[in-house]
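The values are calculated or read from the model by the stated rules, or taken from the named source; none is laboratory data. Since the structure is predicted, the reported quantities are computational estimates derived from the model, not experimental observations. FYI the Cβ positions are ideal-geometry reconstructions off the backbone, even for glycines, and counts take in every protein chain you see.
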Amino acid sequence: MKRNALLFFLAIILAGIAYYISINNSKNSLPEEYTDFAVEDTSSIVGFAITTLNKSTKLTRVDKGWVVNNNINARPDAINLILKTFKQIQILNPVSDLSQKGVIKRLSTSAIKVEIFTKESNNKPLKTWYVGDPTASNMGTYMLLQKDGKMSSKPMITHLPSNYGYLTSRFFLQEELWKDPIALKMPAKEIKRITVKSPSKGKNEFSIEHLGDNQFEFINFKTEEIKQINFEAAIPYFKRASKLVYEYEDLKTEQAELDSVFSSTAQYELTLEHLNGERQQLWAYYMPVRAGAKDLKGQMLNYHNERMYAKSSLNEGRALVIQNFLFDQVLQSSAILDPESVNK
């Protein structure tokens with residue numbers, strides 16, 4: 001209820017932008033044309049909120065990075081892009097008097113509100129951007145700046161020097177797009193052992209352990225073969241395993257169908273073991289395909305040949321979709337014994 005009330009209040013604020021500006025311009029009581037959109041010291045930014053008429057998403061800086069809506073790790077690349085935008089944004093041109101009325105009208109109905117919070121702003125926005133649509137050339141973005149509770153008297157056309165394109169698309173609200181798509185993550189130098197098992201008994205099973213001093217031992221569980229692995233092959237393998245990302249989270253498939261997949265026998269079980277004993281695990285499952293599906297050669301498919309479902313200890317309760325191309329570089333024994341053969 002409180003969230004709905006907040007969004008309703010924000011909708012009123014956005015809808016009132018045009019009226020507010022026109023009244024203040026006519027009375028000449030707000031002569032400031034705010035152009036200082038940029039925040040020079042982005043290390044001082046502790047959070048930012050992105051709001052439209054019916055939705056709001058908040059990003060918050062925490063000790064280990066950034067989180068989305070206080071509970072999900074945010075993508076570092078997306079965060080860095082926003083911080084870069086906050087720091088480098090500049091005015092390309094003021095909006096002409098002829099275009100101003102139309103721009104204000106569009107901002108009042110469809111602007112994205114971006115509130116920027118810093119350590120010193122005491123839970124109040126240091127600056128608030130109203131981000132509009134692109135210019136006809138797509139090289140500028142219509143924006144309006146608010147600070148200290150006052151709205152600028154005129155909208156501006158902004159851009160990032162040496163960057164092609166407009167800025168609106170950077171401020172997306174979908175929580176799933178902000179999520180850091182990490183399936184497993186552990187510093188390569190701190191991984192003691194990597195183990196691959198096949199609960200379905202249809203795949204090879206092995207482990208590779210770092211014994212210290214660039215010494216690595218490979219064990220084939222089926223043949224019980226033990227062999228030493230050259231560090232030049234082992235280290236790249238450990239680096240590939242240290243950060244594995246999923247392609248997307250399946251939020252559309254019926255829960256009953258997902259339950260059926262995850263109640264079946266996993267095709268792979270991958271375990272990363274830290275030097276301190278901590279473990280991270282991932283289970284991979286065949287992804288069903290529609291009846292009669294064929295590959296590019298016309299062969300019938302029993303399951304998807306490029307993707308699998310997965311669940312991991314870092315993403316409990318979520319249906320992840322992973323790419324075979326990426327995970328085969330860790331799940332296949334050839335990835336360590338004959339790296340050049342993987343995905344050929």
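For this structure, a couple of remarks:
- Candidate set: segment 237-256, residues that are loosely packed, with under 14 Cβ neighbours inside 10 Å and either aliphatic (A, V, I, L, M) or in contact with a helix residue (DSSP H, G or I) (Cβ under 7 Å, 6 or more places away or on another chain) (or both); chosen: the one modelled with the lowest pLDDT: 251
- Any hit, segment 147-158, residues being without any contact (Cβ under 8 Å) to a residue 60 or more places away in the chain and either touching a Ser or Thr at 6+ places or on another chain (Cβ under 6 Å) or not assigned by TED's automatic domain parsing to the domain that holds residue 52 (or both): no
- Exactly one residue out of 177, 167, 173 is under 25 Å from the mean Cα position of the chain (by Cα), modelled with pLDDT of 95 or more and under 30 Å from residue 67 (Cβ atoms): that is 167.
- Listed here are the strands (runs of 3 or more DSSP E) enclosed by segment 81-138 that have at least 1 residues being among the hydroxyl-bearing types (Ser, Thr, Tyr) and more than 17 Å from residue 52 (Cα to Cα): 112-118.
- All positions within segment 210-236 that are acidic (Asp, Glu), exposed (fewer than 15 other Cβ atoms within 10 Å of the Cβ) and outside any loop (DSSP other than H, G, I, E, B): 225, 232
- Test: residue 251 is part of a loop (DSSP other than H, G, I, E, B) and closer than 30 Å to residue 177 by Cβ: yes
- Within segment 49-81, restricting attention to residues that are touching a residue at least 12 places away in the same chain (Cβ under 8 Å) and among the basic types (Lys, Arg), the residue that is farthest from residue 174 (Cα to Cα) is 61.
- Applying the criterion of being among the acidic types (Asp, Glu) and modelled with pLDDT under 95 to the residues of segment 203-222, the residue that is farthest from residue 283 (Cα to Cα) is 213.
- Residue in segment 199-209 that is in contact (Cβ under 8 Å) with a residue 24 or more places away in the chain, buried (at least 19 other Cβ atoms within 10 Å of the Cβ) and not in a strand (DSSP E or B) present: no
- Against the test of being surrounded by fewer than 17 Cβ atoms within 10 Å (Cβ to Cβ) and not in a loop (DSSP other than H, G, I, E, B), the options 270, 326 yield a single qualifying residue, 326.
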